[in-house]
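Have a look at the structure below, then the notes.
Each value in this text was obtained by applying a stated rule to the coordinates, not by laboratory testing. The model shown is predicted, which means the values in this text are computed figures rather than measured ones. Don't worry about glycine lacking a Cβ; one is built from the backbone with ideal geometry, like all the others, and counts go over all protein chains shown.
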């Protein structure tokens, strides 16, 4: 299992780090591609769970939700305008179903799937929070546009890794057993401790307060666990063990993105509310 995790990381880490180093449009490109693949896998799971949808339109809408704010030529907030237009198109498409109950199900499922995976768009949104870092700090030379994304990635990875090892070594008390039989309270505690430590250390390295980093790590770690459980619930409803077969030992890309879908919005709102 550990070897499979290392192999999966070897596939995912290099493009993420290269995109983060290059910044700007490269981050958008990686997020856009990941959103499209993740949405494809999500709609496969929804279909397997018996929920009718329009996957092609849903995938496009997911990418629009994720990257809509990068279009700067529209007034009034490009992201919400483009997403609103996409939802209108989904509603019109649902009208073609002869059974109104099926039409409502298609409308709801397609919109849900797109908005769910579109949460990944909060990763590039972190780069535009205007929350400063100290350029004289240890890692301050990276700048705020890269700093907050790097913090999100490392805190989530710290949580996932520590939760896995703590659960395997000490886990005896089931946690959310009806959704994910392998989760334990001990794994949750180990993951949160790691997330708090990494969050605190990283924020100090960027010249921000230790306590603010500890709280950021706590909230992001808890959100990462919730995101993992939400995708597990979807897979359980679909009767699937994995979202796909893209990554060795970890199935689909959605299986590795699930924590970020909830953690990224939480990180964004925390930074905007307390660190700007």
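Specify the inter-centroid distance of region 202-218 and region 83-118, based on alpha-carbon positions, in whole Å.
41 Å
Over the chain, what is the relative contact order in percent, taking alpha-carbon pairs closer than 8 angstrom and at least six residues apart? Walk me through the numbers before you get to the answer.
Working: 461 pairs, mean separation 58.6, N = 276.
Once normalised by length, the contact order is 21 percent.
Would you calculate a helix-derived [θ] at 222 nm for the chain, using -39,500 (n - 2.57) for each DSSP H run of n ≥ 4 and dividing by the full residue count, to the nearest 500? The partial results should precede the final answer.
Values: 10 runs with 196 residues, N = 276.
After summing the helix terms and dividing by the residues of the chain, the value is -24500 deg cm²/dmol.
Looking at (1) 62, 51, 30; (2) 52, 43, 39; (3) 65, 52, 34, which value of Cα extents along the principal axes in Å comes from a calculation on the structure shown?
Entry (1).
Sorted by average packing, counted as other Cβ atoms within 10 angstrom per residue and highest first, what order do 136-148, 86-98, 205-217 take?
205-217, 136-148, 86-98
Using a Gaussian network model of the chain whose springs link C-alpha atoms within less than 10 Å, name the residue from 122, 43, 165 with the highest mean-square fluctuation.
Taking springs between Cα atoms under 10 Å, the residue moving most is 165.
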